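Presented below is the structure to which this report refers.
The values are calculated or read from the model by the stated rules, or taken from the named source; none is laboratory data. Please read all numbers here as calculations on a predicted model, not as lab measurements. In this analysis, Cβ positions are derived from the backbone assuming ideal geometry, glycine residues included, and neighbour counts consider all displayed protein chains. When the accessible area is computed, the model is the full protein with side chains, heavy atoms only, and any ligands, DNA or RNA have been set aside. Shrake-Rupley method; radii C 1.70, N 1.55, O 1.52, S 1.80 Å.
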Amino acid sequence: MTLPTSPIVIIVGTNRPNSMSRKIAEYYQDILNQLHAPSIILDLVNLPHDFTVSALYENSGKNEEFNSLKSLLEQTDKFVFIVPEYNGSYPGVLKAFIDGLPYPNSFSNKKAALVGLSSNMQGAAIAMSHLNDVFSYLGMNTLAMRVKLAQIRNHYSDKVISNALYKELLEIQAGQLIHF
């Protein structure tokens with residue numbers, strides 16, 4: 001098995017405190033640990049509260065907190081995006097975060113796996129489609145297998161996913177990402 005040379009960065013795609021996305025990111029990290037693949041969780045809850053005015057556009061490079069997060073992304077080649085569905089798409093904070101990264105090289109020729117979660121029956125399918133369009137524009141290579149965790153609150157409790165199919169899909173995807 002070929003392991004990544006740098007840690008896989010798992011991005012929690014919302015800045016909501018104590019989010020379900022964070023819990024799924026930790027679950028995914030446990031899978032990667034079992035596969036002996038190093039990983040780091042980047043939770044958007046840790047973004048500077050004012051980053052949209054202190055780190056973007058004419059202020060690019062001026063916010064040290066944002067710069068440290070940006071530096072983490074520059075040091076890795078593989079990502080997992082845990083994407084909750086917000087109003088039929090992905091959270092605006094994730095888009096703002098992506099927009100604050102250097103264009104066009106932040107994600108160019110890098111690789112990502114997408115995991116969507118929602119309270120409804122669609123598992124954030126449209127949100128992941130929207131995000132994949134952005135990544136295609138930025139030159140990111142996304143893994144074909146996208147995991148959709150529909151009605152996630154019914155299938156997750158106390159660090160355990162009770163839906164056997166969800167568990168299997170996450171494990172398969174993690175293995176694919178390592179070899180991607």
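Inspect all residues belonging to the stretch 161-172 and state whether any of them is among the aliphatic types (A, V, I, L, M) and touching a residue at least 60 places away in the same chain (Cβ under 8 Å). Yes, the stretch 161-172 has at least one match. Selection within the stretch 13-38: residues that are in contact with a Phe, Trp or Tyr (Cβ under 8 Å, 6 or more places away or on another chain) and open to solvent by less than 20 Å² (accessible area, probe 1.4 Å). The member of this set that is nearest to Asp77 (Cα to Cα) is Gly13.
Residues that are closer than 24 Å to Gly88 by Cα and either open to solvent by less than 10 Å² (accessible area, probe 1.4 Å) or touching a His at 6+ places or on another chain (Cβ under 8 Å) (or both) within the stretch 162-177 comprise Asn163, Tyr166, Leu170, Gln173, listed in sequence order. Hey, any hits in the stretch 6-15 for a residue that's modelled with pLDDT of 95 or more and more than 20 Å from Thr142 (Cβ to Cβ)? Yes, some residue in the stretch 6-15 is modelled with pLDDT of 95 or more and more than 20 Å from Thr142 (Cβ to Cβ). Of all the criteria given as (1) within 14 Å of Ile178 (Cα to Cα); (2) open to solvent by less than 30 Å² (accessible area, probe 1.4 Å); (3) not β-branched (Val, Ile, Thr), the one not satisfied by Asp43 is (1). Scanning the stretch 111-126 for any residue that is open to solvent by less than 50 Å² (accessible area, probe 1.4 Å), among the basic types (Lys, Arg) and touching a Phe, Trp or Tyr at 6+ places or on another chain (Cβ under 9 Å) turns up nothing.
If I filter the stretch 89-111 down to residues being touching a Leu at 6+ places or on another chain (Cβ under 7 Å) and small (Gly, Ala, Ser), which single residue comes out as nearest to Gly175 (Cα to Cα)? In this case the residue turns out to be Ser108. Cβ-Cβ contacts under 8 Å between residues 6 or more apart (or on different chains), taken from a first residue in the stretch 71-87 that is aromatic (Phe, Trp, Tyr) and surrounded by fewer than 19 Cβ atoms within 10 Å (Cβ to Cβ) to a second residue that is modelled with pLDDT of 95 or more and part of a helix (DSSP H, G or I), are listed as Tyr86/Gly92; Tyr86/Ala127. Considering the stretch 127-161, and only residues there that are surrounded by 12 or more Cβ atoms within 10 Å (Cβ to Cβ) and of a type in the set (D, E, K, R), the residue that is farthest from Ile24 (Cα to Cα) turns out to be Arg146.
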